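Read-outs: derived from the displayed coordinates by stated rules, not from any lab. In this text, all values refer to a predicted model and were calculated from it rather than measured experimentally. Here the Cβ positions follow ideal geometry from the backbone for every residue, glycine too, while neighbour counts run over all protein chains shown.
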Amino acid sequence: MKAPFNPPLSAAATLLAAAALIATMAAQSPQALPGAAPPQPSTYPAPTNLAPTNLKVLPANMTGQQVNDLMRQWQAALGARCSSCHAKDYGKTDPDGRPLLDFASDSKPMKAVARAMAQMTIEINTNYIARIGTSAHPVTCGTCHRGRLGPDPFVAPPDMPLDAPSPAPQDPPPPPDKPATN
């Protein structure tokens, strides 16, 4: 029996996959399911002009603005707030006296979960989706979460027979800036 093909991921491939993930997420708008709560705006202003520190999954050369833009995409895709992953810094407050967030801190366990999920998404897109070819719909946080921090599990309808034919695939609607072609 042949061993499965498992190419090693070089640093360049990982950076390329991360860049593809970032570009894909920035280009996609989150698709919330009917009844999903809309994402709430953060009450914590994110510094966009500061160079990010403590990046462990994202490329270290990302600017503060790029990280902030990506975090906004993740916030919408997960229906989360910045404080879901980032700890409060009680030594620094906003003009209203509320503590600011310490974006570099690793003290909240959800930050480790977010990093693991981001790494999983990069690996899925690099090792599997990229091999599909023309399908090329990258996986994003919104693929599973759909605007909810805890994604709903898929449950197959109990009346669906195992040998039922799959429904015919449908083309996705054209982007809003392009007219449909037939």
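Scanning region 86-110 for residues that are assigned to a strand (DSSP E or B), loosely packed, with under 13 Cβ neighbours inside 10 Å and either in contact with a Leu (Cβ under 7 Å, 6 or more places away or on another chain) or not small (Gly, Ala, Ser) (or both) yields Tyr90, Lys92, Thr93.
Of the residues making up region 88-139, those that are acidic (Asp, Glu) and closer than 19 Å to Pro52 by Cα are Asp89, Asp102, Asp106.
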